[in-house]
């Protein structure tokens, strides 16, 4: 029986890995979690947790599925990179989405926009394989709705706006938009769903929680997928949630996006939000075409089957069907850092 270790360091990794856990169990495999951070308190009944490196070694997984930038090199099994978000160009490529850390055997990419660059990197480095699978986190986005999204919409049928912000302080719209969003909520024309990245400044999380009431609801980050489905329009900034929303071909309004694209309605000041929302709720044909093109480039998979494709890719790697891989670099400093994090010496 094939064993998979689900590796996460942050709460936001849980909705990435849970569709994989379901797919593993459906195929008769075994899954266990390794969560060195506070995310461990969010495991559900029936989800198995391994608490230290010794337990992982004894359990001996054949693959480590990581929704993080790193995975412990001393864990048994192939190391598989699943990514914790889309490439939203927060940083230069060599420091951001396309940074190669020498820790992974397989990269499971989300769509053509990232597959081609990673395949070029694979040819250059030689020590990892690349398979385009789609992103497991989005499987529930395209699956049959179990009612969670409908439960987030108001009973009176008002249109729904989702607000979500990056945690990166220099790029976050949370401080800038708070007053304007509060004004929009008070007006009651639309219903608002509010969420902030769990690594955001606690002050702003509290500020946005306080806006909940008859016209708004605060949504926890691990329930983001139902909120993405429920909303008609997104308001954000330079966050990967922009891409997660846009794959549905729904309009997005961004404040001072670091790399604005034609599918976005990008504004420069909070007072422009009202007009941008009016535009978003009546999108032009040109904007709809841009949304469709962007969605197809970053995540063309709309069948809810990305988790299955990840497991197929792991099986191909395990069988040697992805070709011979060179030895990974020594990475002594990075390996010491990982051992230090996990107190494993």
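The values are calculated or read from the model by the stated rules, or taken from the named source; none is laboratory data. No experiment lies behind these values; they were computed from the predicted model shown. When we count neighbours, we look across all protein chains shown, and the Cβ atoms used for this are built from the backbone with ideal geometry, even at glycine.
This table checks each residue for (1) surrounded by 13 or more Cβ atoms within 10 Å (Cβ to Cβ); (2) over 23 Å from residue 56 (Cβ atoms).
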{"position": "299", "(1), (2)": "yes, yes"}
{"position": "302", "(1), (2)": "yes, yes"}
{"position": "311", "(1), (2)": "yes, no"}
{"position": "320", "(1), (2)": "no, yes"}
{"position": "327", "(1), (2)": "no, no"}
{"position": "332", "(1), (2)": "no, no"}
{"position": "338", "(1), (2)": "yes, no"}
{"position": "341", "(1), (2)": "yes, no"}
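What number of residues in the stretch 119-141 are assigned to a helix (DSSP H, G or I) and crowded, with 19+ Cβ neighbours inside 10 Å?
Final tally of qualifying residues: 7.
Within the option set 320, 305, being farther than 29 Å from residue 173 by Cβ and touching a helix residue (DSSP H, G or I) at 6+ places or on another chain (Cβ under 8 Å) holds for one residue only, 305.
Name the single residue, out of those in the stretch 185-203 being free of Cβ contacts under 8 Å to residues at least 60 places away in the same chain and surrounded by 19 or more Cβ atoms within 10 Å (Cβ to Cβ), that is nearest to residue 168 (Cα to Cα). Restricting to residues being free of Cβ contacts under 8 Å to residues at least 60 places away in the same chain and surrounded by 19 or more Cβ atoms within 10 Å (Cβ to Cβ), the top hit is 200.
In the stretch 163-179, the qualifying residues are those that are under 15 Å from residue 207 (Cα atoms) and within 21 Å of the chain's Cα centre (by Cα), and the one that is surrounded by the most Cβ atoms within 10 Å (Cβ to Cβ) is 163. Taking the criterion of being in contact with a helix residue (DSSP H, G or I) (Cβ under 6 Å, 6 or more places away or on another chain) and assigned to a helix (DSSP H, G or I), the residues of the stretch 265-290 that qualify are 270, 273.
Residue 182 falls short on exactly one of the conditions (1) crowded, with 21+ Cβ neighbours inside 10 Å; (2) over 22 Å from residue 282 (Cβ atoms); (3) modelled with pLDDT of 95 or more, and that condition is (1). Of all residues in the stretch 110-162, those being closer than 25 Å to residue 14 by Cα and without any contact (Cβ under 8 Å) to a residue 12 or more places away in the chain number 3. Within the stretch 165-184, which residues are touching a strand residue (DSSP E or B) at 6+ places or on another chain (Cβ under 7 Å), touching a residue at least 40 places away in the same chain (Cβ under 8 Å) and within 26 Å of residue 13 (Cβ to Cβ)? If the condition is that a residue be touching a strand residue (DSSP E or B) at 6+ places or on another chain (Cβ under 7 Å), touching a residue at least 40 places away in the same chain (Cβ under 8 Å) and within 26 Å of residue 13 (Cβ to Cβ), then 165, 172, 173 are the ones that fit.
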